Structure formats: structure tokens, C-alpha cells
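Colleague: Input: one structure, supplied below.
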Amino acid sequence: MKPTRSALFVPGNRPKWITNAATHGADLVIIDLEDAVPPDETAAARDDVADAIPTVRDDGQRIFVRINGHPNSSADRTVRDLEAIVPREPNGLVVPKVESAADIEQLETVLTHIERRDGLTVGATELLVTIETAQAMKHVYDICLASERVTSVMCGATKGTDTNRALRFEWTGPGRQGLETLHMRQKALLDARAAGIDYPLAGPYVDIEDLDGLTEDMEFAREMGYEGYVVIHPSHVDPANDCFTPDDETVEYWIGLYGALRDAIDRGESAIRYRGEMVDTANLETAREHLRRAAVFRDELDDDVAARLTDLEYSAD
């Protein structure tokens, strides 16, 4: 998974919305064939989405498709989704209703079969797994390790979602207000990080007009360690990008810390005082990681900060 600040859901039964998907500035677009599409429209939407994938990708937009379940699901719509969508080569699939590693292992088998049969690159189809059942919440770590295709997870601990229904919590508000969702968000994040997932995603926020609540929830997710946010409306894309883009002040902090530590190491020292804080060589890799991420979004930074980052990057690699 590439760095993803914003992942925008687009209903698969809205062809015009799909056509415009690349115009909203989202790092990732997720075309939905599951909950956003009425069952009697699924077949038509599937065909429309399959036809649209190459065009959206040609527009330079990364694109995932949320399918209907997984091969262990009871609905035959899953297999039909895979047969129609995978040969069109989306960047990945969003997999709902997962309960265990076995669900991902079987999906891995089916995807490999389709890719080999159709002459595609085996393993190219990434998986973003939504953690929305009680069983999945218990087994996040094993699910993440079930296949190298699993490159991200989404913990949808919010009002009215499948997770809400599965765990029966009473949603009390965004961010720090929602203590009832804190454990599950941290648990999903911890397990994903332990399994080597670089870009776990939070969200979505279902109150479209409440931009203050949205921002509060995004900021808290970022502070916990999430790298981006799944959004359900184009108006939420810019707030997500703003929230999860490293700001100039933060990047300058890490540039300075990295340079100060490198100078100290050259002097034979391993611990120094930096801006009133005690830092040592353990902070060096942390600084590198922040700078690598900032480099991805260099174009969003002040020109002077971007130039300093570019000069420093070579010694950081």
C-alpha cells in the first residue's frame, strides 16, 4: 500500500460519480459493490465498474473495489465480483465481513488462480481488509499475516456500521469523546503494526455536514498512529489530506533532529539535548521514518522546507 491520507468510497451504481472519481484529490478511490449498491442493482453495477476501472486508472487514480464478502461467504456474488473485477486489474480489493485468517487464505487461492489464468502478475492485487466483525477484531494480527497481499486494514468503529452492530457499543461522539471505541481502534492498530502493516486506515465519519466532528475524529486517529482516513463524501477528502499531510513545522523539527543527531554521532556522542528534549540514537530511525513519509508529500511543503528535505534525503537513505 502506498501512503494513503484519504480513501474515498464511491457507490458502484453511480456511473457519473465513478467517472468523476479522480477529480476529488483522494489518494485512493474505493468503488463499492457491497453495501452502497441495492442487491437488484449489483449485476449491472458490477459490469459498469469493470468497464470503468481502466479509465479511472488511466486518469492516474489508484483504485480499489469493495467486493461482496470473500470466498467463504455464502453469497455467490463474491465469485462473480472476483471474476469480473480482477481481470480488469484494479490496484486492489476491499474485503468486508472477514472473520479469520482462513477467509483471506482462501481468497489468496482464488486470486492467484485468476491472475495465472489471465496472464496477470501474480500477487499484484492488494487487499485492504475491513475489521467489522467481533471475530475479525479478535484475529486482526492473524488476518494481516494470512497473505502478503494484505497491505492495509480499516477499523470502522463508528456509528451505524457493521462494527457498531457486531459489538453493540453505544456511539457517544468523535475523537476522544468516543471512549467506547478506543480499545477496538487501538487493538486493530496494534495488531496491524505488529504484522508489519505500514498504512492502517481509520474512519469513516458518517455525519457528512459535521466537519468539526470529522476533523476531531481524524486528528485523534492520527495521534493514535493511523496513517489515513476512509471517507464517504468528496467534501471529506480535503480535510483528510490536510490532517494526514506532515506540516512544515513538524518536518522542520525532524530535519533538525536528524541533523543534530548525525553531527553528534560524528563527534562520537550518542545522546544530546535537542530543543530542550533528551534524544539519542534510538531517535535516528524515527526521524528517518518521518522524513521518508514527508518526502512522499514534498509538493505540499513550503519550498524552503522541501529543499532542505531533499538535501537531507540522500544521507537518510
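Colleague: Roughly speaking, what is the stretch gain from S100 to A124, that is 0.36 nm per residue apart minus the C-alpha to C-alpha distance, in nm to one decimal?
Modeller: Working: separation 24, 0.36 × 24 = 8.64 nm, distance 2.21 nm.
Extra length from S100 to A124 when fully extended: 6.4 nm.
Colleague: Shifting gears a bit: Round to the nearest 0.05 the FRET efficiency obtained for E223 and K138 when R0 = 30 Å and r is the Cβ-Cβ distance. Present the calculation step by step, with values, prior to reporting the outcome.
Modeller: Working: r = 25 Å, r/R0 = 0.83.
The formula returns an efficiency of 0.75 here.
Colleague: Let me have the relative contact order for the chain, percent, based on Cα pairs under 8 Å that are six or more residues apart. Please list the in-between numbers first.
Modeller: Values: 557 pairs, mean separation 46.0, N = 317.
Taking the mean separation of contacting Cα pairs over the length of the chain, I get 15 percent.
Colleague: Mind giving me the nanometre distance, one decimal, between the label points for L145 and E285, set 7 Å out from Cα along Cα→Cβ?
Modeller: Taking the two extended label points, one gets 1.9 nm.
Colleague: Based only on other Cβ atoms within 10 Å, what is the fewest-to-most ordering of H113, H70, H233?
Modeller: On the way: H113 13, H70 23, H233 16.
Going from least to most buried by this count: H113, H233, H70.
Colleague: Starting with the highest mean, order 275-287, 89-101, 171-183 by the number of other Cβ atoms within 10 Å, averaged over the residues of each peptide. It would help to have the intermediate numbers written out before the result.
Modeller: Values: 275-287: 13.0, 89-101: 21.8, 171-183: 15.6.
Per-residue Cβ counts within 10 Å, averaged per peptide and sorted highest first, yield 89-101, 171-183, 275-287.
Colleague: Also: I want the local charge near V37. Using Cβ-Cβ distances under 11 Å, sum +1 for each Lys or Arg and -1 for each Asp or Glu among the other residues. List each step's numbers first, then the result.
Modeller: Values: positive: R14, R46, R66, R77; negative: D32, E34, D35, D40, E41, D48, D81.
Here the charged neighbours net out to -3.
Colleague: Then there is this: So which trypsin sites (Lys or Arg not before Pro) in segment 179-273 end up in coil per DSSP with only 10 or fewer other C-beta atoms within 10 Å?
Modeller: For trypsin sites (Lys or Arg not before Pro) across segment 179-273 that sit outside H, G, I, E and B with at most 10 neighbouring Cβ atoms in 10 Å, the list reads R267.
Colleague: Okay, moving on. Counting each DSSP H run of 4 or more residues in the chain as -39500 (n - 2.57), what helix-only mean residue ellipticity at 222 nm follows after dividing by all residues, to the nearest 500 deg cm²/dmol? Walk me through the numbers on the way to the answer.
Modeller: On the way: 13 runs with 148 residues, N = 317.
Calculated from helices alone, the mean residue ellipticity at 222 nm is -14500 deg cm²/dmol.
Colleague: Work out how much length T109 to L190 would gain on full extension: take 0.36 nm times their residue separation and subtract the Cα-Cα distance, in nm to one decimal.
Modeller: Working: separation 81, 0.36 × 81 = 29.16 nm, distance 2.71 nm.
Between T109 and L190, full extension yields an extra 26.4 nm.
Colleague: Just to confirm a number: summing +1 for Lys and Arg and -1 for Asp and Glu over residues other than G156 whose beta-carbon lies under 9 angstrom from that of G156, what do you get?
Modeller: On the way: positive: none; negative: E132, D162.
Net charge around G156: -2.
Colleague: May I ask you to compute the full-extension gain from D266 to E180, defined as 0.36 nm times their residue separation minus their alpha-carbon distance, rounded to one decimal in nm?
Modeller: Details: separation 86, 0.36 × 86 = 30.96 nm, distance 4.84 nm.
Extending this stretch completely gives an extra 26.1 nm.
Colleague: Using the basic label-point model (7 angstrom from Cα toward the beta carbon), what is the D76 to T23 distance in nanometres?
Modeller: Simple spin-label model gives 3.9 nm for this pair.
Colleague: Scan segment 207-269 for GluC sites (Glu not before Pro) in coil per DSSP, keeping those whose Cβ has at most 10 other Cβ atoms within 10 Å, and list them by number.
Modeller: On the way: sites: E209, E216, E219, E223, E227, E249, E252, E269; in loops: E209, E227, E269.
Of the GluC sites (Glu not before Pro), the ones in loops of segment 207-269 whose Cβ has at most 10 other Cβ atoms within 10 Å are E209.
Colleague: Next up: Can you list the HN-Hα couplings for segment 154-169, worked out from phi with the Karplus curve (6.51, -1.76, 1.60; θ = phi - 60°), rounded to whole Hz and with x for Gly and Pro?
Modeller: Ordered by residue, 3J(HN,Hα) equals 10, 9, x, 8, 9, 5, x, 8, 4, 4, 4, 5, 5, 9, 6, 7 Hz.
Colleague: Of the DSSP beta bridges with both residues in the chain, give the percent that are antiparallel, rounding to the nearest 5.
Modeller: Values: 4 of 31 bridges.
Around 15 percent of the beta bridges assigned by DSSP in the chain are antiparallel ones.
Colleague: Then there's this: Please go through segment 108-178 and write out the GluC sites (Glu not before Pro) that DSSP classes as loop and that have at most 13 other C-beta atoms within 10 Å.
Modeller: On the way: sites: E108, E115, E126, E132, E148, E170; in loops: E132, E148, E170.
Answer by residue number: E148, E170.
Colleague: Give the label of the value calculated from the structure for Rg and Dmax of the Cα atoms in Å, choosing from (i) 21.0, 66; (ii) 21.8, 66; (iii) 20.7, 70.
Modeller: (iii)
Any read-out appearing in this document is the output of simple, stated calculations on the displayed coordinates, not a laboratory observation. If you're wondering where the values come from, they're calculated on a predicted model, not measured in any experiment. So basically every Cβ, Gly included, is an ideal-geometry build from the backbone, and we count neighbours across all protein chains shown.
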